[in-house]
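Input: a single structure, listed below in structure tokens.
The values are calculated or read from the model by the stated rules, or taken from the named source; none is laboratory data. Just so it is clear, the model here is predicted, and its values are computed rather than measured. All Cβ positions, even for glycine, are placed from backbone atoms using ideal geometry, and neighbour counts span all protein chains on display. All accessible areas refer to the heavy atoms of the entire protein, side chains included, with ligands and DNA or RNA removed. Shrake-Rupley method; radii C 1.70, N 1.55, O 1.52, S 1.80 Å.
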Amino acid sequence: MARYVTKKLLGRPDRKPAEVVDSDVELSVSPPKRSAAGLPSLSETLPHAVAEMGPARAWKTLRAINQKDGFDCMSCAWPDPPERKLAEFCENGAKAVGWEAEPLRIPGGFWAENDVDSLASRSEYWLGQQGRLVEPVYKAAGERNYRPVSWDEAFGVIARELNALDSPDEATFYTSGRTSNEAAFTYQLFVRAFGTNNLPDCSNMCHESTGHAMGETLGVGKSAITYTDFAKADLIIIMGQNPGTCHPRMLTALEEAKQAGASIVAVNPLPEAGLINFKNPQRPGGLIGKGTDLADQFLQIRLAGDMALLQAVSKRVLDAERARPGTVLDHAFLAEHCQGLEEFEAHLAGLDEEQVLAATGLGSEEIDELADRYMRAEKVIITWAMGLTQHKKAVPTIKEIVNLLLLRGNIGKPGAGPSPIRGHSNVQGDRTMGIWEKMPPRFLDALQREFGFDPPRHDGVDSVGSIRGMRDGKIKVLVALGGNLVHAISDTAVAEAAVRNTRLSVQISTKLNRSHTVVGEQALILPALGRTEIDRQASGEQFVTVEDTVCAVHSSTGILEPISRQVLSEMSIVTRMARAVLGDKVPVDWAGFEHSYDIVREHISHVVPGFEDFNTKIRLRDGFVLPHAPRDQRKFPTPTGKAMFSVNELDTIEVPPGRLILQTVRAHDQFNTTTYSMNDRYRGVKKGRMVLFISPEDLAELELADGGYVDVHSEAADGVDRVLRQLRLISYPTAKGCVAAYFPEANVLVPLDSTAEGSNTPASKSVIVRLEPAAAPN
């Protein structure tokens with residue numbers, strides 16, 4: 001059942017968790033909003049922050065978020081503008097800070113009163129509302145309760161179990177995108193010194209498809225623009241993305257671009273308030289005026305139709321060049337920097353317009369309008385997020401973005417380029433630091449030169465591969481540096497059974513989540529400092545660093561006293577774990593790493609390209625931007641040295657009669673699996689999450705009623721009947737044939753083996769489902 005806290009007390013160290021209602025009985029639905037932010041955002045943000053932290057603590061933290069001498073928001077990876085505003089945060093960033101920095105602690109008696117089975121029956125929201133973790137706890141084999149233990153005992157358990165394995169590959173080491181560069185580098189160093197490349201991370205579940213596609217076509221799998229490029233663009237195309245909820249500060253950049261003359265096109269199955277109108281809460285007009293209309297064109301595309309749309313636009317561009325030779329394509333750029341245009345053009349010559357229209361649900365005139373906008377614009381940015389990356393054909397779809405941009409030279413010049421928008425605040429930095437199961441030989445060679453041991457050379461397993469390994473008994477130990485893997489990954493029932501099949505599961509966390517309740521034979525929870533907290537080590541107070549979505553690296557310094565003296569920093573936990581497990585196996589000064597993070601950064605400067613003289617550059621007021629050859633020099637580090645056009649066969653989803661395509665989506669009061677409230681203000685949902693958004697046309701055709709209830713069954717090739725029961729139907733202006741349910745609750749419907757080709761990312765945005773009428777929940 002869904003559960004939620006019904007009241008909150010002012011943020012005091014002695015405040016208690018509030019009472020809980022065990023159903024969605026208070027669920028209410030109103031029409032979706034047509035604008036984002038404004039006064040409602042302020043009225044949500046400030047009271048929430050005060051309720052979580054108290055007035056003084058709230059003021060201290062909010063004024064430091066994303067400031068040059070403050071801490072980086074632990075929420076999204078949106079870049080900071082060159083000149084910071086007094087309030088350089090969004091509503092969800094403030095909620096993320098309040099969630100982490102609240103002074104409520106989980107008391108010692110909590111663990112005796114709540115066994116893992118009772119905790120597993122609780123909602124994600126309830127778990128997060130219990131307060132901060134303040135001591136290591138251990139669940140022994142055969143027991144159902146955690147109990148407090150010392151740090152030495154906790155590290156002893158880890159060392160015993162890891163060193164008892166027959167092979168290092170029988171362990172997997174997950175990483176959350178909130179982990180700092182310093183902790184991520186140290187973690188991967190420990191894991192590789194232990195002897196495995198099993199380094200799954202949250203990127204496996206989000207932008208892995210992006211890195212794969214851009215790496216093959218451009219040679220670099222990162223955004224090819226900077227923050228200031230938005231205001232220089234003539235056209236910004238936003239695909240499969242909901243900035244108003246997932247990275248709200250992006251709306252400010254879009255507003256600035258609009259005011260500078262840019263056109264904006266939104267491509268999405270759902271109309272999202274943030275792309276309709278933005279009421280900037282830092283401008284008087286945003287508080288009392290009508291705000292800024294953002295999207296000039298909204299293409300309400302069917303799920304998984306993006307590849308067909310992009311191919312259709314590229315074909316129109318090529319047709320226009322044939323009609324007006326020499327006037328449409330950027331021939332100089334194509335001749336000097338690209339390869340494969342002839343094959344690409346020949347392939348699109350046979351594109352079937354009827355197949356395109358069926359796949360996209362759009363009319364030819366809508367695609368014509370987008371193509372005309374593209375051809376009129378000299379500088380074009382295309383951005384995207386999970387709406388593109390979590391499909392079976394995600395990789396070729398993103399390659400089609402590259403194809404379209406290359407035709408008119410929209411890369412490597414101001415105001416133009418491909419721009420994937422990352423989620424977690426340092427998920428991109430973690431990958432740069434070596435958190436990947438398939439790091440290239442040049443990185444492993446650099447590690448060997450720097451640290452004097454030969455890291456393993458065979459590929460490890462990613463997130464989906466880790467679940468398979470645990471399920472099959474091949475992986476016996478799970479260590480997770482942050483995150484909530486069991487609730488973030490697809491196929492919930494399989495994932496939970498897999499983790500329960502391990503000998504030991506270890507979670508390094510700030511607060512409780514679902515992954516602490518679904519555990520191995522033995523389990524450990526190790527409490528870590530948050531971004532907001534002061535990190536004191538032997539050499540003094542430390543700062544850490546992060547890399548944002550446009551490759552900018554900057555520092556992050558905590559400002560609050562730690563929640564407890566027993567809580568350790570991520571660096572302390574990782575280095576002490578390494579010492580306990582490895583002893584003197586490798587010549588690494590783990591204690592030095594812990595005592596001074598400058599030592600870690602010095603090693604990073606010798607191993608990771610772009611981080612030369614790291615300790616000096618990071619102390620510059622604005623940090624520094626990593627080099628990016630396609631963006632900076634129009635050079636492409638592909639095997640041919642050219643940007644590569646690709647030929648991708650259009651493969652559309654066949655939906656049987658009476659079936660629909662489902663996507664998972666995030667609510668507004670949510671970041672990944674963390675739920676700040678049970679509300680989704682922009683979509684009109686209050687006090688509930690067990691809902692299904694469906695078009696009025698589909699309701700009529702299926703003879704269902706708005707407000708009724710259904711069981712949702714996914715129909716997969718493996719024949720397994722996966723069911724999410726008793727969802728309330730909400731008549732909603734989504735694309736016909738497409739429905740949406742909340743992540744992570746709907747992960748139960750996504751088969752583990754349903755993944756994107758090439759990237760192995762769960763295909764959570766294209767699940768074939770049928771709806772069966774159900775009774776309302778009690």
Listed residues 325, 243, 676: farthest to the positive end of the dipole of the chain (Cβ charges): 676
Accessible surface, the chain, averaged per residue in Å² (probe 1.4 Å): 34
Given 68/635; 392/476; 315/379, the pairs whose alpha carbons are separated by over 23 Å: 68/635; 392/476
Cβ-placed point charges (K, R +1; D, E -1), dipole of the chain about Cα centre in debye, nearest 20: 1920
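Carbon and sulfur together cover what percent of the accessible area of segment 174-319 at a 1.4 Å probe radius? Please report the intermediate quantities before stating the final value.
Details: 1610 of 3120 Å².
About 51 percent, which is the carbon plus sulfur part of the accessible surface.
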Of all accessible heavy-atom area on segment 566-605, the percent that carbon and sulfur account for (1.4 Å): 45
Extreme residue, positive dipole direction of the chain, given options 490, 409, 30 (C-beta unit charges): 30
Amide proton proximity set for residue 768, modelled H, under 5 Å, gap of 5+: 662, 715
Segment 86-230, dipole about Cα centre (Lys/Arg Cβ +1, Asp/Glu Cβ -1), debye to the nearest 20: 180
Within segment 672-715, GluC sites (Glu not before Pro) in DSSP loop having at most 15 other beta-carbon neighbours inside 10 Å: 703
Unsatisfied cross-links (Cα-Cα over 24 Å) in the set 399/642; 60/232; 258/736: 60/232; 258/736
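Just want to confirm a number: the relative contact order over the chain, from Cα pairs under 8 angstrom separated by 6+ residues, in percent.
Values: 1795 pairs, mean separation 159.9, N = 778.
21 percent.
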Separation between Cα centres of segment 29-91 and segment 552-589, rounded to whole Å: 28
Per DSSP, loop GluC sites (Glu not before Pro) in segment 591-687 with at most 16 further Cβ within 10 Å: 612, 649, 654
Sparsely packed trypsin sites (Lys or Arg not before Pro) within segment 724-755, loop by DSSP, other Cβ within 10 Å at most 16: 736
Size of charge dipole - segment 660-771 - debye, nearest 20, with Cβ of Lys, Arg +1 and Asp, Glu -1, no other charges: 560
Accessible surface of segment 404-499, 1.4 Å probe, proportion on carbon and sulfur as whole %: 54
Inter-centroid distance (Cα atoms) of segment 444-472 relative to segment 734-778, Å: 31
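I need the fraction of alpha carbon pairs in segment 497-635 separated by more than 27 Å, rounded to a whole percent. Please list the in-between numbers first.
Working: 3512 of 9591 pairs.
Counting pairs separated by more than 27 Å, the tail of P(r) holds 37 percent.
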Distance from segment 503-540 to segment 235-266 (C-alpha centre basis), Å: 36
